[in-house]
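Encoded as structure tokens, the structure appears first; notes follow it.
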Amino acid sequence: MTQRIKQLAKMFRSDYAVKTFISSGVSLFLSIAFTLYNGFIGIFYGSVWNGAISIYYLLLALTRGITILAVCGKKSKEDRSLRRISVLTHIIMLIINEALIIPIAMLINGDRSYDFGMIPAIAMATYTTYRIVMSVIHYRKSGRSNNLFVKTLRTINLIDASVAVLTLQNTMIIANAGEINEDMRLLCIASSTAIWLFIVMLTLISLFRVRKGRELNQP
């Protein structure tokens, strides 16, 4: 058992594809946890914002789950089947993009979530900064891989981190302001639109890679 653990640890350090799929498995469980958490907050505190975000995390977990299961069952699937699965995940990602319009509109209109206070807001800001930095680093690193599933998962991670910025924006507004004024509304419109367009761009670039027909190398 100890030797097996050492082998897995060695593969995790040396094989970027394996590292990506293991870390994405962890992210899958986190997405499920965030789905349940935001769903609970949405129901318990009557927060429509958290209810909408819980749907986003549910779709995100579905996308990651399909991708990971496709790789786990790769021996029984042909390359064409794997490519169809990859296209399916991108269709779900496009649905996620559309689903984000609802919480963004709520954020702009001031329909915000429950106020947890300044300390959780600062902790969230620190964690979000870390996620953004690491997601950008790994997204760029995945550009050197020929594995489309690796690219897809790293794209999903960067999209997830971008949405975390929206959630942080929502939290900081609640923690620092009362009623949202016109200047704050304009700032929300500009920043939220920029983030949403960035997410759409990432999705379309990833979909183009799949449709372009590059190899689906497996870890």
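Rule-based calculations on the coordinates, nothing more; no lab input. No experiment lies behind these values; they were computed from the predicted model shown. Don't worry about glycine lacking a Cβ; one is built from the backbone with ideal geometry, like all the others, and counts go over all protein chains shown.
Some observations on this one:
- Ordering of 23-30, 97-104 by packing [mean C-beta count within 10 Å, highest first]: 97-104, 23-30
- In Hz, Karplus ³J(HN,Hα) per residue of region 42-49 (6.51, -1.76, 1.60; θ = phi - 60°; x = Gly, Pro): x, 7, 5, 9, x, 8, 5, 4
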